[in-house]
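To keep things clear, I will list the structure first and then write my remarks on it.
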Amino acid sequence: MKKIIIVITFAILTVCQSASAQKANIQQQDKPTATVADTMPQPAIAIDSAATDTATAVTTPTDEELADDGLMDVAESKGLHKELKRKFIEGNAGFMSLVALALVLGLAFCIERIIYLTLSEINAKKFMADLDAHIMQGDIEGAKDICRNTRGPVASICYQGLLRIRESLDDIERSIVSYGTVQTANLERGCTWITLFIQIAPSLGFLGTVIGMVMSFDQIQQAGDISATIVASGMKVALITTIFGIIVAVVLQLFYNYIVSKIEHLTSQMEESAITLLDAITKYKQERS
């Protein structure tokens, strides 16, 4: 995972370094250029009215065709990813790279947690039914094999309880509770980093806003006059960093809430399985006594 984060970080830095060059290219592309048809003189051709009406009827597109073409052009030019890319380039490269880095690192931790928690999930009811059947039959070693061959925290805490089945119920319960605490900590590992990036992303955006405003005042001081163009350019850069910082925080918050819900589901499975295991061990001891 560390190698993936390093590779993604270098990729983000490379993109941010090329942002300024892309911004210049976009500005050049936005400038209107004179075509050859505009500069050529239009010859006057005398034709009769009947031929003119016929050619107009053949070549003139309908209103519906013009509307469809206009919608297609708008859809192509106003794509969401293109607009986000344009705004990213227009923002301050330093702060935008930090916000993007927070997004990449936060998503890396989120994806790692989601994969780990997904692999930890099992059909707890079926697992406990098989385990209870082996315990009732007195096949403790078979029950241990089932726990060893099953992934996830539920199987781990059941295995710890079966290791101490010869001891008293109080000792078994303390062992299950203690190991359950360890498994819960493993489930929550890395979540603190996700919360850190959720909090730091909008903070970086606000910092970029403040610095953008300071830059605007510096430009006004150098120009010696309050110009709407100077103020607008600085404020635009400042607000773009804030927008992207809030977007990053919202995206990471959604992933974080999903991860917390999976952790709560696994924790409830562990608690239910521990109660079921203690009941099965109690019945086993009563039959043996």
Fill in: Label-to-label distance, nm, for residues given as Asp139 and Tyr116 (7 Å Cα→Cβ offset)
3.4
Practice prompt. Find the accessible area per residue for segment 100-234; the probe is 1.4 Å, ligands and nucleic acids are left out, and the unit is Å².
Written response: 54
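With r defined as the distance between the Cβ atoms of Arg148 and Ser261 and R0 fixed at 30 Å, what FRET efficiency is calculated, to the nearest 0.05?
Values: r = 29 Å, r/R0 = 0.96.
Efficiency, from the Cβ-Cβ distance: 0.55.
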Worksheet, complete the sentence: Rounded to two decimals, the Debye log10 I(q)/I(0) of segment 227-289 (Cα scatterers, no solvent) at q = 0.14, 0.15, 0.25 Å⁻¹ is -0.67, -0.71, -0.96
Worksheet entry | Amide N proximity, segment 266-281 versus Ser168 label position 7 Å along Cα-to-Cβ, cut-off under 18 Å | 278-279, 281
Worksheet item: Calculated FRET efficiency, Glu188 and Val231, Cβ-Cβ r, R0 45 Å, to nearest 0.05?
Response: 0.45
Response to the item:
One point scatterer per Cα, no solvent, Debye formula: log10 I(q)/I(0) for segment 150-273 at q = 0.17, 0.19, 0.20 Å⁻¹ comes out as -0.88, -0.97, -1.01
Worksheet item: Could you give the radius of gyration (one decimal) and Dmax (whole number) of the Cα atoms in segment 87-186, in Å?
Response: 21.6, 71
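The values are calculated or read from the model by the stated rules, or taken from the named source; none is laboratory data. The model shown is predicted, which means the values in this text are computed figures rather than measured ones. Don't worry about glycine lacking a Cβ; one is built from the backbone with ideal geometry, like all the others, and counts go over all protein chains shown. These area figures cover heavy atoms from the full protein model, side chains too; ligands, DNA and RNA do not enter into them. Shrake-Rupley method; radii C 1.70, N 1.55, O 1.52, S 1.80 Å.
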